[in-house]
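Peer 1: One structure coming up, written as structure tokens, with questions to follow.
The values are calculated or read from the model by the stated rules, or taken from the named source; none is laboratory data. Computed from a prediction, not measured in an experiment: that's the story for all the values here. Using ideal geometry, Cβ is built from the backbone for each residue, glycine included, and neighbour counts are taken over all protein chains shown. SASA here: full protein model, heavy atoms, side chains in, ligands and nucleic acids out. Shrake-Rupley method; radii C 1.70, N 1.55, O 1.52, S 1.80 Å.
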Amino acid sequence: MSEHNDTFFIGWSNDISAGLRRFLMRAAAFVVVGLCVVSALLALSITDPARSLFGANAAPDIPLDVTLRGVLSSEPYPFLLTVGDAARPAGHGVLLSGDGKHAAVIDRAALGGQVVEVKGLLLKRGALDMLVLSESPRVLQNIQPAAPAAPVPMGRWRVVGEICDGKCGAGIMSPGTGIAHKACASLCLIGGVPPVLVLTHPLEGRQFLMIADSQGRALDRGVLRFVGMRVAMEGEVERRGDVVLIKVDTGKLRRL
Amino acid sequence: MSSYKAVTWNRNKLIYDAVAIAAVVLYIQVYRHFGAMAGRDGIAPDDATLSMKAFGSCAFVLLSGILSIGPLARLDRRFLPLLYNRRHLGVLTCTVAAGHVASVLSWYFAYSDLPPLRALLVADTSVAQLAGFAFVILGVGAFVILLVLAATSHDFWLAFLGPRVWKAIHMAVYGAYALVFGHIAFGALQDARSPALAIMCALSAATLVVLHLLAGRKGAVEDGQFAPTAATTPWVVACDIGEIREGRGFVVKLPDGEPVAIFRHEGRLSAVSNLCAHQNGPLGEGRLVDGCITCPWHGFQYRLEDGCSPPPFTERISTYRLMLDGGRVLLDPRPNPPGTRVSAVVIPQAHQTPVNETSAP
Ligand code: HEM
Ligand code: FES
């Protein structure tokens, strides 16, 4: 058995044999270089969970400050259906939220169904538009609201997708989806940011749906445990403008 | 007055710490640099996320390293210097983990009405399911353990709690490792579509298991054999004189499992507890330096004749009585109170044949 006779190390003593000194220097170099290599390999291999969700070409657009006009709806979550202008067609749906993990601050009773002007930062990823309000919506007195567009029923569907908060999902955080981000998304939903369902397979061309409970109300906290992962669900689907809403039987949510 | 004596700062410790801190700083910088380029797949993570990942994975790698040092030092004594200052590595790991926690709290758990610490506990409580298990809670558990260990790492606590209790508490580092492993497995690994993180975790766990098994096998030999009882009570048969080499210790286990180290110094034999008063280091694997037993872990010293540290130090360990029966060494398994003087047993001329050491030609 080799004894490394010369290598007995006494921490408080500064005379370390040359052999041991060489060994330790090599060990130190190995540790430093090894850590750098591990670090680089791990960092280079980071994958974006949103890619498997939104597909290859769904990098978010650069957020822009915009002013939009449209009819405000407040159920199940605040959203706007645009009145139509040079930049956007009429009936285009834009979800609304406040800053941070907060709901849009809106006097729902007074503003629901009114034509309003809203300002804020528009987050956009694929067909998902989320406006982060920078100030309260202003009612446009001179434009009469058209009769509220009736929801168009699209039948009952069984779908698979991931429930995420519409704000991080729209790309304000990267990654803003997936399990690692689950607690963050849950906090957004608790705070009133509208959730969205990003579908694994498109439903009549739609990649994301607005999601409510079977009564068409905002989801309650019971669904939080299904956030950030692939789930199957079933519900009535309807169209409002170009936004599609699914009213899911939350009791029948199933993890895949 | 509690008489603790810190292992003081010295040049070796400074170099050790400098290398460890440099390695951590490099790790974080390299991670940030390459992570920002990881856009080939979807979009690159934002800076806050990169910090979380960099600090988190660094803490995990450090933890794996800390747990390897013990068995490595057992397998090859040249690694003992790494053990010498392992506690600083523990505190560094806790600091790096704190960086991870701080970046998580100021990103994922910020911007809401709930204060971050409260949010931490209420945001995700999915503990009754395996898929989507609340992995954050596992991280919180691990971090709490690391904090407790770092806070009690100082020699003051070691003296206050006694090496046995202290050591038992510090075994919780294995619990922390297991919790972090689950934290990664149920968290980041669920999202990753590249195997790199999974491979790193698997390598870490496999290395630790193999090292501990090998070291355990070697340790079972080095920890000494059980000493059989001799013909006359209370004596036990420790070994043959020839088994103990000049200037070295020989370890035997008493019937109650207590390990004892017998040293041979200038033709005399003395026996003391094998457990260092500092952190229970294996004194029998130490050396005699200036006639004192010197612990292989942090260099605490004890006089052969009474188990006391030379002044100004005040540590004491138990001594044992020895007797010769022909070529056999007999030992009284009842320990003397720490610091009791025992006269060394003189080896008769007939048994003085020194055991030659191998040396380079
Ligand atoms: C209060 C305690 C902790 C919290 C709140 C926490 C939170 C998190 C979160 C949210 C993630 C997911 C981030 C992501 O992958 O993008 C994560 C990942 C991770 N955490 Fe923790 N953690 C805690 C403690 C720890 C500790 C003590 C360690 C290690 C010693 C650790 C190691 C890791 C590692 C290695 C990852 C995976 C990083 C990667 O994606 O490569 N965490 N943690
Ligand atoms: S255990 Fe620390 S010096 Fe012996």
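Peer 1: Roughly how large is the B-A contact in terms of buried accessible area, totalled over both chains, probe 1.4 Å, nearest 100 Å²?
Peer 2: Working: alone 19470 and 14390 Å², together 28110 Å².
Chains B and A together bury roughly 5800 Å² of accessible area.
Peer 1: In chain B, what is the count of Lys pairs whose alpha carbons are under 23 Å apart, counting only pairs at least 8 residues apart or on separate chains? It would help to have the intermediate numbers written out before the result.
Peer 2: Details: B:K5/B:K13; B:K5/B:K167; B:K13/B:K167; B:K167/B:K218; B:K167/B:K253; B:K218/B:K253.
Count of close lysine pairs: 6.
Peer 1: Hey, another quick one. Might you work out the accessible area of B:S112 for me, using a 1.4 Å probe with all protein chains in place, and round it to the nearest 10 Å²?
Peer 2: 30 Å²
Peer 1: Here's something else I'd like to know. Where does each of B:F60, B:F143 land when they are ordered by accessible area, with a 1.4 Å probe and the largest first? Don't jump to the answer; show the numbers that get you there.
Peer 2: Values: B:F60 0, B:F143 40 Å².
Solvent-accessible surface, decreasing: B:F143, B:F60.
Peer 1: As a test question: what accessible area, to the nearest 10 Å², does B:V144 have when a 1.4 Å probe is rolled over all protein chains in place?
Peer 2: Rounded to the nearest 10, the figure is 80 Å².
Peer 1: So, one more: Heavy-atom accessible area per residue, the range B:227-351, 1.4 Å probe: how many Å²?
Peer 2: Working: 5110 Å² over 125 residues.
Here the per-residue accessible area is 41 Å².
Peer 1: While we're on this one: Using only Cα atoms, find the angle between the long axis of helix A:18-44 and the longest principal axis of chain A, and express it within 0 to 90 degrees, rounded to the nearest 10.
Peer 2: 10 degrees
Peer 1: Go through B:Y27, B:Y177 and list them by solvent-accessible area, largest first, probe radius 1.4 Å.
Peer 2: B:Y177, B:Y27
Peer 1: Across peptide B:304-315, what mean number of C-beta atoms from other chains lies inside 10 Å of a residue's C-beta?
Peer 2: On the way: counts 0, 0, 0, 0, 0, 0, 0, 0, 0, 0, 0, 0.
Per-residue shielding by partner chains comes out at 0.
Peer 1: What accessible surface, in Å², does a 1.4 Å probe find on B:R32, ignoring ligands, DNA and RNA and rounding to the nearest 10?
Peer 2: Around 90 Å² of this residue is reachable by solvent.
Peer 1: Compare each residue of the range B:76-90 in its chain alone against the assembly with all protein chains, and report those whose accessible area goes down by 20 Å² or more; 1.4 Å probe, heavy atoms.
Peer 2: Residues losing area: B:R77, B:R78, B:F79, B:P81, B:L82, B:Y84.
Peer 1: How large is the dipole of chain B about the Cα centre if only Lys and Arg carry +1 and Asp and Glu carry -1, each at its Cβ, rounded to the nearest 20 debye? List each step's numbers first, then the result.
Peer 2: Details: 29 positive and 25 negative charges, 56 e Å.
Charge dipole of chain B: 260 debye, to the nearest 20.
Peer 1: Considering only DSSP beta bridges whose two residues both sit in chain A, what percent are antiparallel, to the nearest 5?
Peer 2: Values: 50 of 58 bridges.
Within chain A, antiparallel bridges account for around 85 percent of the total.
Peer 1: Related question: Once both axes come from the Cα atoms, what is the angle between helix A:182-191 and the longest principal axis of chain A, in degrees from 0 to 90, rounded to 10?
Peer 2: Approximately 30 degrees, to the nearest 10.
Peer 1: How would A:D165, B:D240, A:D220 rank on accessible area, largest to smallest, probe 1.4 Å?
Peer 2: A:D220, B:D240, A:D165
Peer 1: Only bridges whose two residues both fall in chain B count here: according to DSSP, what percent of them are antiparallel, nearest 5?
Peer 2: Details: 32 of 33 bridges.
That works out to approximately 95 percent antiparallel.
Peer 1: Show which aspartates and glutamates lie in cross-link reach of A:K124 when reach means a straight Cα distance below 14 angstrom and same-chain residues fewer than eight apart are skipped.
Peer 2: Of all the aspartates and glutamates, those that pass the test against A:K124 - Cα under 14 Å, at least 8 places apart if same chain - are A:D61, A:D65, A:D165.
Peer 1: Find the eigenvalues of the gyration tensor of the Cα atoms of the protein assembly as shown, then list the square roots of 5 times those eigenvalues as equivalent ellipsoid semi-axes, largest first, in whole angstrom.
Peer 2: On the way: eigenvalues 958, 93, 78 Å².
For the protein assembly as shown, the semi-axes come out at 69, 22, 20 Å.
Peer 1: What would the Debye formula give as log10 I(q)/I(0) at q = 0.08, 0.14, 0.15 Å⁻¹ for the alpha-carbon point model of chain A, no solvent?
Peer 2: Taking Cα atoms of chain A as identical point scatterers yields -0.41, -0.91, -1.03.
Peer 1: In the protein assembly as shown, carbon and sulfur make up what percent of the accessible area (probe 1.4 Å)? Don't skip to the end; give the middle numbers.
Peer 2: On the way: 17290 of 28110 Å².
Roughly 62 percent of what the probe reaches on the protein assembly as shown is carbon or sulfur.
Peer 1: Which one of B:Q190, B:Q29, B:Q129 has the biggest mean-square fluctuation once chain B is modelled by GNM with Cα springs under 10 Å?
Peer 2: Residue with maximal mean-square fluctuation among B:Q190, B:Q29, B:Q129: B:Q129.
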